[in-house]
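> My structure is below; once you've seen it, I'll send some questions.
The values are calculated or read from the model by the stated rules, or taken from the named source; none is laboratory data. Quick caveat, the model's predicted, so the values are computed rather than measured. All Cβ positions, glycine included, derive from the backbone under ideal geometry; neighbour counts span all protein chains shown.
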Amino acid sequence: MDAKQLATADKPLVKTKFLDEGIGILTMDHDERRNALSRRMVAEMLAAMDDFQKRGARVVILRANDDAKVWSAGHDIRELPIGSDPLHFSDPLERVIQAVKLCVCPVIAMVHGSVWGGATDVALSCDMIIGDETCSFAITSANIGLAYNTSGLLQFMRRLPLNLVKEMFFTAAPFPAQKALSVGILNHLRPADQLEAYTLELAHLIVKKAPMAIAAIKEQLRLLTKAHPLSPESFERIQDLRQKVHQSADYREGVTAFLEKRKPVFKGE
């Protein structure tokens with residue numbers, strides 16, 4: 001490992017700032033890997049969020065660097081297992097999604113740049129999303145032959161009309177900023193030069209309100225969205241479908257093609 005690689009390996013992948021008003025700002029800072037949600041990145045994000053809550057944060061802002069072209073590329077494909085479910089409950093992506101949902105204070109995603117794959121799921125897990133004209137949202141599991149997990153699909157179904165969920169998952173095409181605003185992915189769309197100021201303005205509005213009431217409302221809403229359990233038969237059917245996909249040649253081909261930087265050739269087997 002040369003000096004440059006060693007410096008990169010030692011460099012933290014997230015930056016944090018805690019404002020006196022109780023606003024925690026978590027910045028993903030691994031532009032070299034397009035803020036891919038690797039195990040290391042997620043571990044640092046979880047530690048930062050835990051620290052914010054211990055310090056009494058009233059709002060957390062999740063963001064990328066000002067000049068980032070990609071907010072996050074989603075799951076680190078290099079860490080996906082072959083032949084088994086890649087999105088089990090203890091997976092790094094699932095852990096950061098749960099941390100955002102369980103955070104006692106509101107989490108605002110401030111989005112500059114494109115959002116890909118599981119990072120779209122992370123953004124939708126936040127309580128609000130503020131974006132600028134550079135933002136777009138795509139769910140790219142079909143590009144690598146991955147059957148997305150049930151909790152993730154439910155999250156999209158709760159946020160978007162079913163036909164748009166199907167469009168996102170079947171085409172893997174990004175929803176640009178204006179479309180994201182029109183279908184309700186974005187709470188607000190602001191010019192890039194106003195994005196940070198507007199997000200902080202919204203955060204300052206929230207910190208002036210009663211934190212216990214907000215925490216109770218957030219948790220009630222989280223529990224109410226889970227109030228429709230699947231039957232055991234449906235659950236087992238879903239698990240069987242996903243297992244077949246993740247043991248398929250197509251899934252191996254999708255991941256291999258991504259790592260080899262070529263288009264995959266899917267055969268439906």
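> I'm told A57 meets every condition in (1) on the phi < 0 side of the Ramachandran plot; (2) within 20 Å of the chain's Cα centre (by Cα); (3) at pLDDT 95 or above except one. Can you identify the failing condition by its number?
(2)
> Still on this structure, I have one more. Checking V207 against (1) over 26 Å from K17 (Cβ atoms); (2) in contact with a Lys or Arg (Cβ under 6 Å, 6 or more places away or on another chain); (3) surrounded by fewer than 19 Cβ atoms within 10 Å (Cβ to Cβ), which single condition isn't satisfied?
(1)
> Same structure, new question: Which residue pairs have Cβ atoms under 9 Å apart, sit 6 or more places apart or on different chains, and have a first residue in the stretch 179-190 that is at pLDDT 95 or above and a second that is assigned to a helix (DSSP H, G or I) and hydroxyl-bearing (S, T, Y)?
As it stands, the answer is I185/T120; H188/Y198; H188/T199; R190/Y198; R190/T199, since those pairs meet every condition given.
> Is it true that A142 is surrounded by fewer than 24 Cβ atoms within 10 Å (Cβ to Cβ) and either charged (D, E, K, R) or touching a strand residue (DSSP E or B) at 6+ places or on another chain (Cβ under 8 Å) (or both)?
Working: surrounded by fewer than 24 Cβ atoms within 10 Å (Cβ to Cβ): yes; either charged (D, E, K, R) or touching a strand residue (DSSP E or B) at 6+ places or on another chain (Cβ under 8 Å) (or both): no.
No, not satisfied.
> Further question: Please specify each residue of the stretch 65-80 satisfying the condition of being touching a residue at least 60 places away in the same chain (Cβ under 8 Å) and in contact with a Gly (Cβ under 8 Å, 6 or more places away or on another chain). Before the answer, list the steps.
To start, the set of residues in the stretch 65-80 that are touching a residue at least 60 places away in the same chain (Cβ under 8 Å) comprises 66, 69, 71, 74, 77-78, 80.
Passing the criteria: K69, W71, G74.
> Anything in the stretch 27-44 that is touching a Lys or Arg at 6+ places or on another chain (Cβ under 9 Å) and crowded, with 22+ Cβ neighbours inside 10 Å? List them, or say none.
Matches in the stretch 27-44: M28, H30, A36, M41, V42.
> Any chance the stretch 256-263 includes a residue that's surrounded by fewer than 14 Cβ atoms within 10 Å (Cβ to Cβ), in contact with a Lys or Arg (Cβ under 9 Å, 6 or more places away or on another chain), assigned to a loop (DSSP other than H, G, I, E, B) and basic (K, R)?
no
> Within the stretch 182-200, identify whether any single residue is β-branched (V, I, T), assigned to a loop (DSSP other than H, G, I, E, B) and surrounded by 13 or more Cβ atoms within 10 Å (Cβ to Cβ), and answer yes or no. Step through it out loud before you land on a result.
Filtering the stretch 182-200 down to residues β-branched (V, I, T) leaves 183, 185, 199.
Cutting the leftovers down to assigned to a loop (DSSP other than H, G, I, E, B) gives us 183, 185.
Still in the list and also surrounded by 13 or more Cβ atoms within 10 Å (Cβ to Cβ): 183, 185.
Within the stretch 182-200, one or more residues are β-branched (V, I, T), assigned to a loop (DSSP other than H, G, I, E, B) and surrounded by 13 or more Cβ atoms within 10 Å (Cβ to Cβ).
> Return the residues of the stretch 199-239 that are over 23 Å from Q53 (Cα atoms) and either at pLDDT 90 or above or charged (D, E, K, R) (or both); say none if nothing qualifies.
Across the stretch 199-239, the qualifying residues are K226, E233, E236, R237.
> Now for a separate question. Take I108 and tell me if it is among the β-branched types (V, I, T) and in contact with an Asp or Glu (Cβ under 8 Å, 6 or more places away or on another chain).
Spelling it out, I108 is indeed among the β-branched types (V, I, T) and in contact with an Asp or Glu (Cβ under 8 Å, 6 or more places away or on another chain).
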